[in-house]
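Novice: Structure below; questions to follow.
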Amino acid sequence: NSDAPLRPTHPLALAPVIAPPASVDGFVKQFLANLNFDQGVSLSASDANDQYLALAGTVRDYLMARWLEDQTRQREQQAKTVCYLSAEYLLGKQLDNNLLAARLGEIATEALAQCGISMDDMREVEVEPGLGNGGLGRLAACFIDSLATMSVPTIGYGIRYEYGIFRQTFVDGEQVEQPDAWLQMGSPWEFPHPEAAQTISFGGRTETYDDKGVTRTRWIPDWNVLAVPYNMMVPGYHNGRVNTLRLWRAVATNAFDLRIFNSGDYEESVRAQTFAENISKVLYPEDSTPQGKELRLQQQYFFVAASINDFLDNVLLEGFDLNNLPDRVIFQLNDTHPVIAVPELMRVLVDERGMEWEDAWAITQKCFAYTCHTLLPEALEVWSVDLLGRLLPRHLEIIYRINDEFLDEVRERFGDDMMRIRNMSIIGEHPYRSVRMAYLATVAGAKVNGVAELHSQLLRDKVLHEFAEMYPDKFTNVTNGVTPRRFIRLANPSLASLITEALGAGWTVDLERLRGLEALAEDPEFRERFAAVKAANKRHLSDVLQRRDGVTIDDSHLLDVMVKRLHEYKRQTLKVLHIVTEYERIISGTVAAADIQPRTFIFGAKAAPGYAMAKRIIHLINSVASVVNNDPRVEGSLKVVFPPNYNVTLAESIIPAADLSEQISLAGKEASGTGNMKLALNGALTIGTDDGANVEIRQLVGDDNFFLFGMTEPEVEALWAKGYKPADFYQADPQLRAAMDLIASGEFSGGDRTVFEPIVSNLLYDDRFMVLADYASYIEAQAQVDLAYADQDAWTRSAILNIARCGFFSSDRSMRDYLDRIWHARPLL
Ligand code: GPK
């Protein structure tokens, strides 16, 4: 009968999946087939972009069998899955990473050479997907790399933004943002699955109805969009595993209205489509400060609703008993952006799956955990009840009920303490009624973690202390980490070879093995080889910058690096004051240029487009750079380089070349930092405050190999309590006065005193981040840096010790901590 399934007769069709042969010949054939059949060009007619797309397709083809096998394996084993919910993944380029994971680097390079193509040209063509802002987004990318490498069944869920983080350009020293059209030339690493789209609803109202004598609630939304999944491979390193990153794209449910189109109103006919597609149009370029934009809440609900329903509908087997959900999944909330997932899971369980509220709540509380990434109060997201109720009326009701029951619990525990209840309520009343997303996440989550020891401590003691009192066991720490594959093995291949030669190859997946370098730090020959690697990395950076921006750096200079988002709490202005101080000391004749340690200062920093002070600081850095770099009096002694559009790709060239890592935030403000880890692991010495993960770096590398300065967090608090007057510090310190006066005089702004006046007066009369209070200590520590650098061999020894002792900062270790302390999931067999 014609309904009977066809039985495969070809032997190939019986194999689970097929992969091309792992040989140069096999690669050439597959590459040419992709070029001809997928790109539709012959080799002789192809351009670099065609070749890149075919190459990426070829690498994909090699990974495909493993990916498909892993999907089967995960379905069969039904093991607990980590669902990482993150609005950002700052992935960086994929080609080298995937070649490395699949051990295809040499084969592919040779195969391309046989086709007359250079791998370096292919690397140039690739555009990095900038689907994140900074540390938080890059952390998510490191985490999924580690989870794949550790064979942990994971789905990364997020948003496929059509435009990622803006491309930064400088016009007369000021930041100008350009859209990041990263998809324009094709995006070979993703697989769209329109057939697996989820419908996501918004707006409308709720109503109650009678269901066989039980009163239930349902949501009658008034508009919806389709969420189309785009899957990306997340290959583990050398372990044959490939996990999935699933990013959602918003598409209109009804493409356009043909009737209106035919009537000639073309704009109106596509209005609905434009509206829907705006949801995944662009990444919000905010870092640490949420903007209360409706579209942002739409984005958040859009991606978490799609993710949760995808997991329940498509990942779970049919007939799965939802009472067992906590054994099958943990949804990790990467900051507050995905927290609307909590009421969404409740809504699905109660309204759609008919579960009792109490049962659903017990399950929900076991399925979520929350990572907080900040200490700045203004960065804790809140949504006005007004907006939330309009966009997601049922979710607001659910949040109210969660809060009512939670506050009953608070009363039971602590009595009718109005103050406490007002402080702990998920609903805030001032300045307007709003939902405090961090509190909702804390109440709903099985665990709440900070991202470095000090940060987790301050969360317990300050930001969330009343919650910590109520639920002491909920709070834990997982110190951040970074992937050694991308940030050592790929970014710093010469260092990687040196380490492998000394210790064997195992360090890439067991970074504590770097300890073995401690003994080698005492070996003069090894130090010499390390110094040669550092110098070569500086020359490589110089080549990159020459090609990119037409600037060079001198490999005899101390390379002083400050790369991170521009934010007042990170204190790029303190770095500028140091540079201006050095400049002023030379031009005023206080020191001879010949007597100072030559330095090149490198900045990399984007400012949120709406953050006026941050943009002004960028302008100041560029202005100082242009004066310093053009003044013959300091030529050969001081240079300031600020390449535009700092991103993952540029980080991979800057970090391996760095001598000095600037981690100079005000103590108690930087949650962790991860650039600090990357730089230390590449042999830069840190100058830093006792803040974030700097504390742990210093403990590990030792005081002799770290330049500590500035107030501690308790000292910061004490100074605030006493009353901080920055102008007093200005008055008391002639060197500080000279530097500030030079900026105020218009020296760096063509004589115009108004341009940087807001920066100067902010420092003098407000200075929320206590730049002036830490200035003297910073300058003193920088003098120590100069002294230390004068002894090159001792410096090199310290650099090696930094690497040897920082194995703890592998994101593999972070993942083990999450698995042990929070997720209780296991690697797949
Ligand atoms: C923290 F709150 C935020 C944010 O919105 N974006 C962001 O990148 C960073 N972060 C912290 O500032 C860093 O200290 C931390 O290392 C990083 O998140 C990852 O945890």
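The values are calculated or read from the model by the stated rules, or taken from the named source; none is laboratory data. Predicted model only: the values in this text are computed from it and were never measured. Every residue, glycine among them, receives a Cβ derived from its backbone with ideal geometry; neighbour counts consider all protein chains shown.
Novice: Determine the pairs where a residue that is under 14 Å from ALA379 (Cβ atoms), located within the stretch 441-467, has a partner that is within 15 Å of the ligand (Cβ to nearest atom) and assigned to a helix (DSSP H, G or I) with Cβ atoms under 6 Å apart, the partner being 6 or more residues away or on another chain.
Specialist: From the stretch 441-467, the pairs are GLY450/SER456; GLY450/LEU459.
Novice: Please name all residue pairs, on different chains or six or more residues apart, with Cβ atoms under 7 Å, provided the first residue is in the stretch 606-627 and is over 14 Å from GLY750 (Cα atoms) and the second residue is charged (D, E, K, R) and modelled with pLDDT under 95.
Specialist: Filtered contacts from the stretch 606-627: ALA608/GLU286; ALA608/ASP287.
Novice: When you scan the stretch 319-336, how many residues do you find that are part of a strand (DSSP E or B) and touching a helix residue (DSSP H, G or I) at 6+ places or on another chain (Cβ under 7 Å)? It would help to see each step written out before you state the result.
Specialist: So the first thing to find is which residues in the stretch 319-336 are part of a strand (DSSP E or B), and the list is 329-334.
Narrowing the set further to residues that are touching a helix residue (DSSP H, G or I) at 6+ places or on another chain (Cβ under 7 Å) leaves 329-331, 333-334.
Number satisfying all stated conditions: 5.
Novice: Follow-up. For residues in the stretch 446-461 being within 12 Å of the ligand (Cβ to nearest atom) and of a type in the set (S, T, N, Q), which is surrounded by the fewest Cβ atoms within 10 Å (Cβ to Cβ)?
Specialist: Checking each candidate, the answer is SER456.
Novice: Out of the residues in the stretch 659-683 meeting the condition of being of a type in the set (Gly, Ala, Ser), part of a loop (DSSP other than H, G, I, E, B) and within 21 Å of the chain's Cα centre (by Cα), tell me which one is farthest from the ligand (Cβ to nearest atom). Even if it seems obvious, please write down each step before you answer.
Specialist: Just the residues of the stretch 659-683 that are of a type in the set (Gly, Ala, Ser), to begin with: 661, 665, 667-668, 671-673, 675, 680, 683.
Right, trim to part of a loop (DSSP other than H, G, I, E, B) and you get 665, 667-668, 671-673, 683.
Of the ones still in play, those that are also within 21 Å of the chain's Cα centre (by Cα) are 665, 668, 671-673.
Numbers: SER665: 8, GLY668: 12, ALA671: 4, SER672: 4, GLY673: 5 Å.
Here the answer is GLY668.
Novice: Could you figure out which of (1) modelled with pLDDT of 95 or more; (2) surrounded by 12 or more Cβ atoms within 10 Å (Cβ to Cβ) isn't true of PRO20?
Specialist: (1)
Novice: Now a separate question. Check THR289, THR336 and return the single one that is over 20 Å from LYS80 (Cα atoms), crowded, with 21+ Cβ neighbours inside 10 Å and not aromatic (Phe, Trp, Tyr). First the steps, then the outcome.
Specialist: On the way: THR289 fails: crowded, with 21+ Cβ neighbours inside 10 Å.
Every option except THR336 fails the conditions.
Novice: Can you name the residue in the stretch 254-288 that is polar (S, T, N, Q) and away from the ligand (no atom under 16 Å from the Cβ) and is also nearest to LEU345 (Cα to Cα) among such residues? Walk me through how you get there before you give the answer.
Specialist: Our first condition is that a residue be polar (S, T, N, Q); within the stretch 254-288, this holds for 254, 262-263, 269, 273-274, 278, 280, 288.
Retained after the next criterion (residues that are away from the ligand (no atom under 16 Å from the Cβ)): 254, 262-263, 269, 273-274, 278, 280.
On the way: ASN254: 27, ASN262: 42, SER263: 43, SER269: 35, GLN273: 28, THR274: 28, ASN278: 25, SER280: 22 Å.
Per the criteria, the residue is SER280.
Novice: Would you be able to say whether some residue in the stretch 692-714 is over 27 Å from GLN457 (Cβ atoms) and over 29 Å from the mean Cα position of the chain (by Cα)? Don't jump to the end; show me each part of the working.
Specialist: Filtering the stretch 692-714 down to residues over 27 Å from GLN457 (Cβ atoms) leaves none.
No; the residues of the stretch 692-714 include none that is over 27 Å from GLN457 (Cβ atoms) and over 29 Å from the mean Cα position of the chain (by Cα).
Novice: Let me ask another. Being within 29 Å of LEU559 (Cβ to Cβ) and either aromatic (Phe, Trp, Tyr) or at pLDDT 95 or above (or both) is true for just one of ASP728, ASP703. Which residue is that?
Specialist: Working: ASP728 fails: within 29 Å of LEU559 (Cβ to Cβ).
Just one listed residue meets the conditions, ASP703.
Novice: Looking only at residues in the stretch 479-524 that are among the polar types (S, T, N, Q) and buried (at least 21 other Cβ atoms within 10 Å of the Cβ), which one is nearest to the ligand (Cβ to nearest atom)?
Specialist: Of the residues in the stretch 479-524, the ones among the polar types (S, T, N, Q) are 479-480, 483, 492, 494, 497, 500, 508.
From what's left, buried (at least 21 other Cβ atoms within 10 Å of the Cβ): 479-480, 483, 492, 508.
Numbers: THR479: 10, ASN480: 5, THR483: 13, ASN492: 21, THR508: 22 Å.
Step by step, filter the stretch 479-524, then rank; the result is ASN480.
Novice: Let me ask you something else. So which of GLN291, GLN298, GLN332 is more than 16 Å from the ligand (Cβ to nearest atom) and in the same structural domain as TYR157 (by TED's automatic domain parsing)?
Specialist: On the way: GLN291 fails: more than 16 Å from the ligand (Cβ to nearest atom); GLN332 fails: more than 16 Å from the ligand (Cβ to nearest atom).
Criteria check complete, one pass: GLN298.
Novice: Cβ-Cβ below 9 Å, separation at least six or inter-chain, first residue in the stretch 786-798 and touching a residue at least 12 places away in the same chain (Cβ under 8 Å), second among the hydroxyl-bearing types (Ser, Thr, Tyr): which pairs?
Specialist: Sorted first by the residue in the stretch 786-798, then by its partner, the pairs are ALA788/SER798; TRP795/TYR789.
Novice: Would you confirm, using the coordinates I've provided, whether LEU464 is closer than 27 Å to LEU345 by Cβ, surrounded by 14 or more Cβ atoms within 10 Å (Cβ to Cβ) and either of a type in the set (A, V, I, L, M) or within 16 Å of the ligand (Cβ to nearest atom) (or both)?
Specialist: Numbers: closer than 27 Å to LEU345 by Cβ: yes; surrounded by 14 or more Cβ atoms within 10 Å (Cβ to Cβ): yes; either of a type in the set (A, V, I, L, M) or within 16 Å of the ligand (Cβ to nearest atom) (or both): yes.
When the stated conditions are applied, LEU464 passes them.
Novice: Just checking, which of ILE586, ILE602, ILE579, ILE596 is touching a strand residue (DSSP E or B) at 6+ places or on another chain (Cβ under 9 Å), closer than 15 Å to ILE654 by Cβ and among the β-branched types (Val, Ile, Thr)?
Specialist: Numbers: ILE586 fails: closer than 15 Å to ILE654 by Cβ; ILE579 fails: closer than 15 Å to ILE654 by Cβ; ILE596 fails: closer than 15 Å to ILE654 by Cβ.
The match here is ILE602.
The rows are residues; the columns are (1) of a type in the set (A, V, I, L, M, F, W, C); (2) under 30 Å from PRO290 (Cβ atoms).
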| position | (1), (2) |
| --- | --- |
| LEU316 | yes, no |
| ASN324 | no, no |
| ASN334 | no, yes |
| HIS337 | no, yes |
| GLY354 | no, no |
| GLU358 | no, no |
| ILE363 | yes, yes |
| CYS367 | yes, yes |
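Novice: Suppose we keep only residues that are within 20 Å of SER810 (Cβ to Cβ) and surrounded by fewer than 24 Cβ atoms within 10 Å (Cβ to Cβ) within the stretch 687-704. Which one would you say is farthest from the ligand (Cβ to nearest atom)?
Specialist: GLY702
Novice: Ok, one more. Restricting the search to the stretch 241-258, which residues are more than 20 Å from THR199 (Cα to Cα) and either touching a Lys or Arg at 6+ places or on another chain (Cβ under 8 Å) or outside any strand (DSSP E or B) (or both)? Let's see the steps before the verdict.
Specialist: Applying the first criterion (more than 20 Å from THR199 (Cα to Cα)) to the stretch 241-258 yields 241-244, 258.
Within the stretch 241-258, ARG241, VAL242, LEU258 meet the criteria.
Novice: A further question on this structure: Taking the options SER653, SER623, SER588, name whichever one is more than 28 Å from the chain's Cα centre (by Cα) and surrounded by fewer than 21 Cβ atoms within 10 Å (Cβ to Cβ).
Specialist: Working: SER653 fails: more than 28 Å from the chain's Cα centre (by Cα); SER623 fails: surrounded by fewer than 21 Cβ atoms within 10 Å (Cβ to Cβ).
Exactly one of SER653, SER623, SER588 is more than 28 Å from the chain's Cα centre (by Cα) and surrounded by fewer than 21 Cβ atoms within 10 Å (Cβ to Cβ), namely SER588.
Novice: Right, something else. Taking the stated definitions as given, is ALA227 surrounded by 14 or more Cβ atoms within 10 Å (Cβ to Cβ), out of contact with any His (no Cβ under 7 Å at 6 or more places or on another chain) and within 26 Å of LEU325 (Cα to Cα)? Working first, answer last.
Specialist: On the way: surrounded by 14 or more Cβ atoms within 10 Å (Cβ to Cβ): yes; out of contact with any His (no Cβ under 7 Å at 6 or more places or on another chain): yes; within 26 Å of LEU325 (Cα to Cα): yes.
Spelling it out, ALA227 is indeed surrounded by 14 or more Cβ atoms within 10 Å (Cβ to Cβ), out of contact with any His (no Cβ under 7 Å at 6 or more places or on another chain) and within 26 Å of LEU325 (Cα to Cα).
Novice: Scan the stretch 373-389 and give yes if some residue there is farther than 30 Å from LYS669 by Cβ and either assigned by TED's automatic domain parsing to the domain that holds TYR209 or at pLDDT 95 or above (or both), otherwise no. Walk me through it before giving the result.
Specialist: Taking the stretch 373-389 as the starting set, the residues that turn out to be farther than 30 Å from LYS669 by Cβ are 386, 389.
Subsequent filtering for residues that are either assigned by TED's automatic domain parsing to the domain that holds TYR209 or at pLDDT 95 or above (or both) retains 386, 389.
Checked the stretch 373-389: at least one residue is farther than 30 Å from LYS669 by Cβ and either assigned by TED's automatic domain parsing to the domain that holds TYR209 or at pLDDT 95 or above (or both).
Novice: Which residue, of GLU780, GLU715, GLU747, is acidic (Asp, Glu), assigned to a helix (DSSP H, G or I) and surrounded by 14 or more Cβ atoms within 10 Å (Cβ to Cβ)? Outline the logic, then answer.
Specialist: On the way: GLU780 fails: surrounded by 14 or more Cβ atoms within 10 Å (Cβ to Cβ); GLU747 fails: assigned to a helix (DSSP H, G or I).
It is GLU715.
Novice: Any idea how many residues of the stretch 338-382 are in contact with a Leu (Cβ under 8 Å, 6 or more places away or on another chain) and within 16 Å of the ligand (Cβ to nearest atom)?
Specialist: So the count comes out to 9.
Novice: Please name all residue pairs, on different chains or six or more residues apart, with Cβ atoms under 7 Å, provided the first residue is in the stretch 543-566 and is touching a residue at least 12 places away in the same chain (Cβ under 8 Å) and the second residue is of a type in the set (Ser, Thr, Tyr) and within 16 Å of the ligand (Cβ to nearest atom).
Specialist: Listed by first residue and then by second, the contacts come to VAL561/SER661; VAL563/TYR646.
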